[in-house]
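Scroll down for the structure; my scribbles are underneath it.
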Amino acid sequence: MKQAFKKLSNAQQAQVDMNPMLDIVFILLIFFIVTTSFVKADLIDILRPKNSTNSVNTSQSVNINIDDTNQIYVAGRLTQKDAVSIAIARLSAEFDITNINLSAAADSQHNVMVQVLDQVKMMGDYPVAITTNLD
C-alpha cells in the first residue's frame with residue numbers, strides 16, 4: 001500500500017511555471033511607464049540686477065585724523081590705536097577704499113602715527129597720504 005501511495009503522490013506533484021507571470025508583470029510595467037504623465041519641475045524666477053557693475057560699493061578715500069591729544073578719528077569716529085585695522089575693515093565692507101588720508105596734529109606724538117600706519121598696512125596695501133594739521 002505504501003508503494004501505491006508513493007506512486008500516487010509522485011504523479012500528483014505539480015510544477016508551477018513562472019514565465020507567464022513575469023510576462024504579465026513586464027507588460028504592466030511598460031503600460032504604466034508609457035501612460036504616466038511626467039510633471040516638469042517649476043522654475044524659480046531670480047531677480048538679477050540689470051547692471052553688471054556693483055553699484056552698492058563705490059570707491060572712496062578714508063580720512064584718519066590724529067589730534068593734539070593723540071586721539072585717533074577714523075572717518076570721524078573716535079577709535080583706539082589697536083582698533084584702527086578693525087575700523088578700516090568695517091569701512092572696506094561698506095565701500096572700496098581707494099586711498100587713506102592720514103592727518104596728524106603738529107603736537108601729536110610720532111609713535112602714535114607710526115602705530116596707525118602699521119594698522120593700515122595690516123589691512124592692505126592702500127596708498128597713504130600723510131599731512132600735518134597746524135591747528
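The values are calculated or read from the model by the stated rules, or taken from the named source; none is laboratory data. Just so we're clear, the structure is a prediction, and the values are computed from it rather than from any experiment. A quick note on method: Cβ atoms are made from the backbone with ideal geometry, for glycine too, and the neighbour counts reach across all protein chains shown. Accessible surface is based on the protein model in full, side chains and every heavy atom, while ligands, DNA and RNA are left aside. Shrake-Rupley method; radii C 1.70, N 1.55, O 1.52, S 1.80 Å.
Worth a mention:
- Residues satisfying the stated conditions in region 80-107, i.e. more than 16 Å from TYR126 (Cβ to Cβ) and within 32 Å of the chain's Cα centre (by Cα): GLN80, LYS81, ASP82, ALA83
- Subset of region 74-85 (residues that are open to solvent by 70 Å² or more (accessible area, probe 1.4 Å) and closer than 13 Å to MET113 by Cβ): LYS81
- Matching residues, region 49-73, being at pLDDT 75 or above, surrounded by 10 or more Cβ atoms within 10 Å (Cβ to Cβ) and more than 24 Å from THR132 (Cα to Cα): THR58
- No other residue among ILE130, ILE88, ILE46 is crowded, with 17+ Cβ neighbours inside 10 Å and either modelled with pLDDT of 85 or more or out of contact with any strand residue (DSSP E or B) (no Cβ under 8 Å at 6 or more places or on another chain) (or both) apart from ILE88.
- Qualifying residue in region 29-36 (condition: touching a strand residue (DSSP E or B) at 6+ places or on another chain (Cβ under 8 Å), surrounded by fewer than 14 Cβ atoms within 10 Å (Cβ to Cβ) and polar (S, T, N, Q)): no
- A count restricted to region 98-111 and to residues that are farther than 24 Å from GLN60 by Cβ and either touching a Leu at 6+ places or on another chain (Cβ under 8 Å) or at pLDDT 90 or above (or both) stands at 1.
- Single match in VAL128, VAL112 (criterion: in contact (Cβ under 8 Å) with a residue 40 or more places away in the chain and not aromatic (Phe, Trp, Tyr)): VAL112
- For ASP118, the criteria (1) open to solvent by 30 Å² or more (accessible area, probe 1.4 Å); (2) closer than 21 Å to THR58 by Cα hold in every case but one, which is (2).
- Here ALA4 qualifies as farther than 21 Å from ALA129 by Cα, open to solvent by less than 100 Å² (accessible area, probe 1.4 Å) and either hydrophobic (A, V, I, L, M, F, W, C) or modelled with pLDDT of 90 or more (or both).
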